[in-house]
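Since the structure comes first, as C-alpha cells, the remarks are kept for the end.
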Amino acid sequence: MKSTMRINFLVTAAAVVLAMMLPGTGMAGDTIKLGVAGAHSGDLASYGLPTVNAAKLVVAEVNAKGGVNGKKVELLIEDDTCKPEVATNIATKLVSQGVDVVLGHICSGATKSALPIYKAAGVILISPSATSPELTQSGEYPNFFRTIAPDNMQAKPEVEFALNVLGVKKIAVIHDKGDYGKGVAELAKGFIEKSGKGEVVLFEGVTPGAVDYSAIVQKIKQSQADAVIFGGYHPEASKIVSMMRKKRMNIAFLSDDGVKDDTFIKVAGKDAEGVYATGPKNNSKNPLSQAAVAAHKQAYNGDPGAFYESAYAASLAILNAIGKAGSTERAAVTKALQTERVDTPVGTINFDALGDAVGVGFAMYQVKNGQFIEVK
Amino acid sequence: MDYFIELFLSGLTRGSIYALIALGYTMVYGIIGLINFAHGEIYMIGAFTSFIVATTLSIYGFPLAAIVVVAGVAAAIWSSAYGYTVEKIAYKPLRHAPRLAPLISAIGMSILLQNYVLLAQTSDFLAFPALIPEFAFMEPVAHIIGSSDLVILITTAVVMLALTLFIKFTRIGKAMRATAQDRTMALLVGINVDRVISATFILGSALAAIGGLLIASHIGQINFAIGFIAGIKAFTAAVLGGIGSIPGAVLGSLVLGLTESFATGYVSSDYEDVFAFSLLVLILIFKPSGLLGKADTKKV
C-alpha cells in the first residue's frame, strides 16, 4: 500500500513536471476517451458484450468521418462482471486513465457503486441497460443518463398486463434479492396493492445460485397464486419456471427484461413456452435500427444480443452531445444531452432533467415456439 | 399435512444433492485432514463432462439409457483424473508443510479450475439435457415429487451403503481406515499410503462426477460457477455431520437440506441461509465434532 502510494506520488509529480515543461499542449490530449464498462465475462456477459460491439461500430463510423470536434474517439474497454466491488475498481481505473465519458455500466448494482467515483471526477455516464429507478429519480447523480426506461416503467405494464389482460387476482411476487430484481419486485407489489384489483399472496426473495428451488415452488403453490411475477435475471427465472412445470404448475409466469434474453429460451427449453417478459419496445421498423443490426451482421456475423440497440443509441447520443457542446466539459455536454434531439435506433431521443431518455419505453413479449413475440 | 410432506420431500432431495458432494469432502478429510476446496470444482467438471458426452451421443441418436451410462462413466473417469492430478500437483508436495499451506493451495486449485472451465468452455449457462426421464409411474405424484428427485434419493442411499461396505470390507478400504487412524503407523506396517490417498481422491471425485450428472439433469442448467455454492453447502453439511465420518456426511446433508426447506416453507426463503448456518453454529457449540464425528483425541 505504502509503495503504491509512493509510486502514485512519483507518477503525479512526473506528470506535473511534464505539464509545466510543455505549455500550450493543453490538458485534454488529442483523443476523446470513451470508456465502455460492463460485464464482459461471467454469468451476465451476454448482457455486456453487445454493448462493446455497438460502441466499436459507432466509433469506427464516427472516426471514419473524421471524429468528433476534429479528434478521434478512443475506446477504453473494461470488464466489471456486473459485480459492485469490481465496478468501483474499474471506475477508479478509468478515471485515472483520463476517461472523458463512459458508456455503461450494464447492471444497476454495479452502476450504483461506480457512480460516486465518476461524479467526483466530473465524468458523464450513459448506460444502455441499468434500469434501477433511483439512479435517475433520486436526483443524486446529475452525471448519469440512460437510453433505457427505468424499472417502474416496466413494473407497471407487467402488473397491468397481469391484472387486466390475464385477469388474475392472486399474484406471487418473487425476486432474487439483487438491486435490480428486488427493485422491480417491490414496485410491482406496490402497483398491485394500489390497483385494488388483485392481491400479493407471497413476496419473497430467493438465493441466486442455490442448487434447488423446489421449496419456494411448493410455497408458491401453497399460496394458491394465479400468476408469478419474478424480478431478476434469467438463470434463476429458468430454474424456477422449470421446477414449476416439473411440479405440474401451469400458472402464468411474468418477468422483466432481465429475463427477455435468448439464453433464457435456450436454457429453459420447452418450459420457456408461454412465459411473459417485458423488454424494450421493438424498433425493427426504425431504419436506423435496421442499419445498426445490418452493421452488426456484417462485422460480427450474427444477431446482436441484449441491449445492443440501446447501447448503439447511447454511443450516438453521447458523441453527438460532445460534438454539439464542442468539448467534453460536463456542464456543456449535459446541456447538449438535454436539449439536442438525436436520431437513434431506439427513436429520436433527448434526456429529461433527471437523465432518463424521453421517447423510450417497454412492451410485453411472450415466448412462442422458441422466440419472444410482442404481445399486442 | 400435504404441504409438510412436500417440503419434507424437497428437503430430502436437496439434502441428497448435498450428500453426493459432501461424501468426497469427508473422505479426504478423514484420510489426510485436509479440506479439499477444489472438490466443488471436481463436481462441476463432472457435470460439464457428462454434458459434453451426452450432447455428442444424443446427436448420433443413442438410446437414453446408453447415454446415461456412458456419460456417467466418462464423467467419473475424467473427474477422477482431475482429482488425482490435483492431489499430486497441489497437495502431495505440501504433505509435511504447516496445515495452512495445503488449505491455501486448495483454494488456489478451486479458483484455477473455475477459470479454466470459464475460458475453455463458456461463461454462459448451458441447457443440460434431461438425462433422467419422466417415469410414467411417477405421473400421479409428479406434483409432489419428480422422477429426478426419486433417482437422486435412491442413488444417494445406494452410494452411501456401497461406500460403507467398501470401507469396511475391502482391502483398500481397510488400508484407508488404517491411514485415517495413524498415517505413520500405517506406513510402518507396509501400507502404501500414497496409493491409499490417491485412491481416496479418485473415489471421492468419481462420486462428485455422478452427483454432477444427476444434479445438472435435475436442475437443467450448468455453468462454470455451479461448483462454488454447492461446494460450500456440502462442506457445511460435512462439518455439521462430523467431518471425517461417512454416515455423518449424509446425515448432516439431510439435516441441512430439511432445515433449508422448512425455513423456506414456513418462514421465508430470505432466511433459509440464516436458519441453516444458525443450526450449524448451535450444533458446533454443543457438539464441536459434529453430529456423528468422533472427538479428536491427541495421540501420545
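How about the range B:121-140: which of its residues are more than 10 Å from chain A (Cβ to nearest Cβ) and not in a loop (DSSP other than H, G, I, E, B)?
B:A136, B:F137, B:M138, B:P140 - these are the residues of the range B:121-140 that are more than 10 Å from chain A (Cβ to nearest Cβ) and not in a loop (DSSP other than H, G, I, E, B).
Does B:T156 satisfy the condition of being in contact (Cβ under 8 Å) with a residue 12 or more places away in the chain, within 14 Å of another protein chain (Cβ to nearest Cβ) and under 21 Å from the mean Cα position of the chain (by Cα)? So that I can check it myself, show each step before the final result.
Numbers: in contact (Cβ under 8 Å) with a residue 12 or more places away in the chain: yes; within 14 Å of another protein chain (Cβ to nearest Cβ): yes; under 21 Å from the mean Cα position of the chain (by Cα): yes.
When the stated conditions are applied, B:T156 passes them.
Using the structure shown, decide if A:I90 is among the aliphatic types (A, V, I, L, M), on the phi < 0 side of the Ramachandran plot, at pLDDT 80 or above and not in a helix (DSSP H, G or I).
no
Of the residues A:K285, A:K270, A:K260, A:K239, only one is more than 24 Å from A:I106 (Cα to Cα), touching a helix residue (DSSP H, G or I) at 6+ places or on another chain (Cβ under 9 Å) and of a type in the set (D, E, K, R); which?
A:K270
Restricting attention to the range A:187-225, which residues are over 25 Å from B:G220 (Cα atoms), in a loop (DSSP other than H, G, I, E, B) and away from every other protein chain (no Cβ under 14 Å)?
A:G196, A:K197, A:G198
Quick one: how many residues across the range B:224-252 are crowded, with 23+ Cβ neighbours inside 10 Å and within 11 Å of another protein chain (Cβ to nearest Cβ)?
Within the range B:224-252, residues that are crowded, with 23+ Cβ neighbours inside 10 Å and within 11 Å of another protein chain (Cβ to nearest Cβ) number 7.
Criterion first (at pLDDT below 90 and in the same structural domain as A:I126 (by TED's automatic domain parsing)) does A:G98 satisfy it?
Against the criterion (at pLDDT below 90 and in the same structural domain as A:I126 (by TED's automatic domain parsing)), A:G98 does not qualify.
Take the residues in the range B:253-279 that are within 11 Å of B:G15 (Cα to Cα) and hydroxyl-bearing (S, T, Y), then tell me which one is surrounded by the fewest Cβ atoms within 10 Å (Cβ to Cβ).
Among residues in the range B:253-279 that are within 11 Å of B:G15 (Cα to Cα) and hydroxyl-bearing (S, T, Y), the one surrounded by the fewest Cβ atoms within 10 Å (Cβ to Cβ) is B:T259.
Working carefully through the options A:A272, A:A268, find the one that is more than 18 Å from A:M364 (Cα to Cα) and either buried (at least 24 other Cβ atoms within 10 Å of the Cβ) or within 10 Å of chain B (Cβ to nearest Cβ) (or both).
A:A268
Between A:N282, A:N301, A:N369, A:N320, which is on the phi > 0 side of the Ramachandran plot and touching an Asp or Glu at 6+ places or on another chain (Cβ under 8 Å)?
After applying the criteria, what remains is A:N369.
Please enumerate the residues belonging to the range B:118-142 that are surrounded by fewer than 18 Cβ atoms within 10 Å (Cβ to Cβ) and of a type in the set (S, T, N, Q).
Within the range B:118-142, B:Q121, B:T122 meet the criteria.
Quickly run through the range A:238-258 and pick out the residues that are more than 11 Å from chain B (Cβ to nearest Cβ), in contact with a Ser or Thr (Cβ under 9 Å, 6 or more places away or on another chain) and not in a loop (DSSP other than H, G, I, E, B).
Those that are more than 11 Å from chain B (Cβ to nearest Cβ), in contact with a Ser or Thr (Cβ under 9 Å, 6 or more places away or on another chain) and not in a loop (DSSP other than H, G, I, E, B): A:L254, A:S255.
Only one of these is within 14 Å of another protein chain (Cβ to nearest Cβ) and surrounded by 24 or more Cβ atoms within 10 Å (Cβ to Cβ): B:I17, B:I45. Name it.
Answer to the selection: B:I17.
Considering only residues of the range A:137-164 that are part of a loop (DSSP other than H, G, I, E, B) and among the aliphatic types (A, V, I, L, M), which is nearest to A:A227 (Cα to Cα)?
Initial filter on the range A:137-164 (part of a loop (DSSP other than H, G, I, E, B)): A:138-143, A:147-151.
If we keep only those that are among the aliphatic types (A, V, I, L, M) too, we end up with A:148-149.
Numbers: A:I148: 26, A:A149: 24 Å.
For the range A:137-164, the residue satisfying everything is A:A149.
I'm trying to understand the selection: among the residues of the range A:138-165, which are more than 17 Å from A:A185 (Cβ to Cβ) and surrounded by fewer than 17 Cβ atoms within 10 Å (Cβ to Cβ)?
Of everything in the range A:138-165, those that are more than 17 Å from A:A185 (Cβ to Cβ) and surrounded by fewer than 17 Cβ atoms within 10 Å (Cβ to Cβ) turn out to be A:S138, A:G139, A:E140, A:P142, A:N164, A:V165.
Answer yes or no: is there a residue in the range A:38-48 that is part of a helix (DSSP H, G or I) and crowded, with 24+ Cβ neighbours inside 10 Å.
Scanning the range A:38-48 turns up at least one residue that is part of a helix (DSSP H, G or I) and crowded, with 24+ Cβ neighbours inside 10 Å.
Within the range A:165-186, track down each residue that is farther than 13 Å from A:F230 by Cβ and assigned to a loop (DSSP other than H, G, I, E, B).
Of everything in the range A:165-186, those that are farther than 13 Å from A:F230 by Cβ and assigned to a loop (DSSP other than H, G, I, E, B) turn out to be A:L166, A:G167, A:V168, A:K169.
I'm trying to understand the selection: among the residues of the range B:268-292, which are among the polar types (S, T, N, Q) and touching a helix residue (DSSP H, G or I) at 6+ places or on another chain (Cβ under 8 Å)?
Answer for the range B:268-292, where residues must be among the polar types (S, T, N, Q) and touching a helix residue (DSSP H, G or I) at 6+ places or on another chain (Cβ under 8 Å): just B:S269.
Out of everything in the range B:196-223 that is under 24 Å from B:Y84 (Cα atoms) and not in a helix (DSSP H, G or I), what residue ends up being nearest to the other protein chains (Cβ to nearest Cβ)?
B:N223
Name the one entry in B:I145, B:I167 that is among the β-branched types (V, I, T), surrounded by 18 or more Cβ atoms within 10 Å (Cβ to Cβ) and within 14 Å of chain A (Cβ to nearest Cβ).
Exactly one residue qualifies, and that residue is B:I145.
Looking only at the range B:2-21, count how many residues are in contact with a Leu (Cβ under 9 Å, 6 or more places away or on another chain) and either aliphatic (A, V, I, L, M) or over 13 Å from B:L153 (Cα atoms) (or both).
7
Find the helices (runs of 4 or more DSSP H) located wholly in the range B:1-87 whose residues include 1 or more that are in contact with a strand residue (DSSP E or B) (Cβ under 7 Å, 6 or more places away or on another chain), and list them. Full working, then the answer.
Details: elements: B:2-32, B:39-59, B:64-86.
Of the helices (runs of 4 or more DSSP H) lying wholly inside the range B:1-87, those with at least 1 residues that are in contact with a strand residue (DSSP E or B) (Cβ under 7 Å, 6 or more places away or on another chain) span B:39-59.
Which one of A:Y180, A:Y213 is hydroxyl-bearing (S, T, Y) and without any contact (Cβ under 8 Å) to a residue 60 or more places away in the chain?
A:Y213
Matching residues to (1) of a type outside the set (V, I, T); (2) in contact (Cβ under 8 Å) with a residue 60 or more places away in the chain:
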| position | (1), (2) |
| --- | --- |
| A:V102 | no, yes |
| A:H105 | yes, yes |
| A:G109 | yes, yes |
| A:V123 | no, yes |
| A:P142 | yes, yes |
| A:I148 | no, yes |
| A:P157 | yes, yes |
| A:E160 | yes, no |
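The values are calculated or read from the model by the stated rules, or taken from the named source; none is laboratory data. Just so we're clear, the structure is a prediction, and the values are computed from it rather than from any experiment. Neighbour counts are summed over all protein chains in view; Cβ atoms, including those assigned to glycine, are modelled from backbone coordinates with ideal geometry.
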